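Right, one structure below, let's go through it.
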Amino acid sequence: MRVRGFTLVEVMVALAIVAIALPVLLMTLSQQTDDTAYLRDKTFAQMVAANKLAEMRLVIGATRSVQPGKSNGVATLLDRDWHWWVQTLPTPMENLLRVEISVALDSDLQDQPLYLLTAFMNSDLAEDNSQLGFGPPDDPNDP
């Protein structure tokens, strides 16, 4: 009875397949790691932009004024510095302003932000909000 094993050609073909497949798998894993890091950074940049918009709404609500213009700064989130730029622009519609908030990891990347948030705000803040329940309470002794 004859015992049959792998021939040298079969072993060489198997090694060639492994030699081709292994770098492709490693490159795919590396690409996936890079993509995950990019998505993490983009998510945190979105959080910074949302925080800045909420901050703007609080300041505008307290000061009752909003003006077109530009501003920038740095916010710290998760022990990293995030650079943000805010641009408030008039729109063709009366009393409506367009707010664009860009966020990047480096101040040199303003033209290529990780995240860009666009919002619209009413610039006419002098309206009477007493009917909405935001004004002073009615005096019951007032005729």
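The values are calculated or read from the model by the stated rules, or taken from the named source; none is laboratory data. Just so it is clear, the model here is predicted, and its values are computed rather than measured. With ideal geometry, Cβ positions are generated from the backbone for all residues, glycine too; neighbour counts draw on all protein chains shown.
Listed values, structure above:
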quantity: Inter-residue pairs, beta-carbon under 8 Å, first closer than 15 Å to S71 by Cβ and in segment 88-108, second small (G, A, S) and assigned to a strand (DSSP E or B), 6+ apart; calculated: T88/G69; R98/A119; V99/A119; I101/A119
quantity: Residues being basic (K, R) and either part of a strand (DSSP E or B) or more than 19 Å from N122 (Cα to Cα) (or both) - total across segment 61-83; calculated: 2
quantity: Filter result for L89 (surrounded by 10 or more Cβ atoms within 10 Å (Cβ to Cβ) and over 20 Å from F120 (Cβ atoms)); calculated: no
quantity: Hey, T28 assigned to a helix (DSSP H, G or I) and either surrounded by 10 or more Cβ atoms within 10 Å (Cβ to Cβ) or touching a residue at least 12 places away in the same chain (Cβ under 8 Å) (or both) or not; calculated: yes
quantity: Enumeration of residues in segment 109-141 that are at pLDDT 60 or above, of a type in the set (A, V, I, L, M, F, W, C) and surrounded by fewer than 10 Cβ atoms within 10 Å (Cβ to Cβ); calculated: A126
quantity: Qualifying residue in segment 34-42 (condition: in contact (Cβ under 8 Å) with a residue 40 or more places away in the chain, out of contact with any Asp or Glu (no Cβ under 7 Å at 6 or more places or on another chain), surrounded by 10 or more Cβ atoms within 10 Å (Cβ to Cβ) and part of a helix (DSSP H, G or I)); calculated: yes
quantity: Enumeration of residues in segment 17-30 that are modelled with pLDDT of 90 or more and within 29 Å of the chain's Cα centre (by Cα); calculated: M27
quantity: Segment 1-10, subset part of a loop (DSSP other than H, G, I, E, B) and aliphatic (A, V, I, L, M), residue nearest to Y115 (Cα to Cα); calculated: V3
quantity: Residue check, V13 part of a helix (DSSP H, G or I) and surrounded by fewer than 10 Cβ atoms within 10 Å (Cβ to Cβ); calculated: no
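Matching residues to (1) at pLDDT below 90; (2) within 14 Å of the chain's Cα centre (by Cα); (3) of a type outside the set (S, T, N, Q):
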residue	(1), (2), (3)
N72	no, no, no
W84	no, yes, yes
T88	no, no, no
P92	no, no, yes
A104	no, yes, yes
S107	yes, no, no
